[in-house]
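Worksheet: the structure to be examined is printed underneath.
The values are calculated or read from the model by the stated rules, or taken from the named source; none is laboratory data. Computed from a prediction, not measured in an experiment: that's the story for all the values here. Cβ coordinates were reconstructed from backbone atoms using ideal geometry, including for glycine residues, and neighbour counts include every protein chain displayed.
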Amino acid sequence: MGRKSYEGTGVLPGIEEDARTASAPRAPSKKVSSNSARTLRFSTPRLIATFVTAVVVLAAILYAFHRIEQFLIMDSRFALGGPGDDSSLQVTGAAHASRPAIEKIFANDEGGSVYLIPLSERRDALRNVPWIREASVARVWPNRVIVRVQERTPVAFVRLNVSRFGLIDGDGVVLPTATDRFKLPVLTGVRASDPVAKRHEGVQRMLRLTADLGDVTSNISDVDVSDGDNLKVSQPYDGRILTLLLGDRNFAARYGNFVKNYSQIQQRLPGAAVLDLRLEDRITVVE
């Protein structure tokens, strides 16, 4: 009676116990946790060693850089020479800019290492020297500095006071006179005391006119830009000074019309000195 009956069940003796064992949930394996702990124990020392190595290498690099920097600063072989030492401070492109004015900018660097020279500051200072428009500064080891200068180009004379004239460039910057003899017109309607933006505007009006006139510009002695809508030029012509009113456009065509008809004007009005050329079909004499 104590025997279990398996007949008709399709289950063999002993299989029922195995099936129950297989279907029962298994406890989490402690072997996985043991492997994770072992991996953690192995990774932490390695991480610490890597960090310490990186710190040591970085400290060595910084120390080497410091020693090299001190060498460049202290060694006399890297010292910039004094004034007049053309082999130490070389300047190119300065035809009108003052050499002493350029040397003065580097006065505080004399006797010191070229490594310590703040190149950008010296470049900005050079731009304030009269005649210098742009400049570049480069250190050449062991102890040279090369300055390359781009000078301003004067386009006209401008009155400084009653008896003195200066030069002015396309940016409206007033330049001191130079020993060169420039064949340029006198620009009126622009004063040296005007803000640079106003001077620039006036110069650009003149340049627009002279670009249109081309080679004729060499004959012009004076350009008046005080009225932006009516530019005036003065020039010696046939033994006297004529003033021509050219308006604000078509300068070459209007000037050509004047040259073409000047002989007739001279016959009819020999004393005419101011001519209005702004009308395309006629030339008017201004009293």
(request) Could you give me the residue pairs with C-beta distances under 7 Å whose first residue belongs to the stretch 266-285 and is more than 17 Å from Leu209 (Cβ to Cβ), whose second residue is among the hydroxyl-bearing types (Ser, Thr, Tyr) and part of a strand (DSSP E or B) wherever it lies, and which are 6+ apart or on separate chains? (result) Ala273/Thr243; Val274/Thr243
(request) Just give me the residues in the stretch 115-138 being of a type in the set (Val, Ile, Thr) and in a strand (DSSP E or B), in sequence order. (result) Ile132, Val137
(request) State which residue pairs qualify: first residue in contact (Cβ under 8 Å) with a residue 24 or more places away in the chain and inside the stretch 132-156, second residue of a type in the set (Asp, Glu) and outside any strand (DSSP E or B) in any location, beta carbons under 8 Å apart, and separation of 6 or more residues or different chains. (result) Arg133/Asp171; Val145/Asp109
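Matching residues to (1) of a type outside the set (Phe, Trp, Tyr); (2) under 21 Å from the mean Cα position of the chain (by Cα):
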residue: Arg123; (1), (2): yes, yes
residue: Asn128; (1), (2): yes, yes
residue: Gly166; (1), (2): yes, no
residue: Phe182; (1), (2): no, no
(message) Yes or no: the stretch 139-157 includes at least one residue that is in a helix (DSSP H, G or I), more than 30 Å from Val203 (Cα to Cα) and touching an Asp or Glu at 6+ places or on another chain (Cβ under 9 Å).
(response) no
(message) I'd like to know if the stretch 246-255 contains one or more residues that are out of contact with any helix residue (DSSP H, G or I) (no Cβ under 8 Å at 6 or more places or on another chain), at pLDDT 90 or above and assigned to a helix (DSSP H, G or I).
(response) yes
(message) Given the options Leu209, Leu231, name the one that is surrounded by 15 or more Cβ atoms within 10 Å (Cβ to Cβ) and in contact with a Lys or Arg (Cβ under 7 Å, 6 or more places away or on another chain).
(response) Leu231
(message) I'd like to check something: does the stretch 186-195 contain any residue that is in the same structural domain as Ser226 (by TED's automatic domain parsing), in a strand (DSSP E or B) and surrounded by 19 or more Cβ atoms within 10 Å (Cβ to Cβ)?
(response) yes
(message) Tell me the residue from Gln204, Gln150 that is in contact with a Lys or Arg (Cβ under 6 Å, 6 or more places away or on another chain) and surrounded by fewer than 19 Cβ atoms within 10 Å (Cβ to Cβ), please.
(response) Gln150
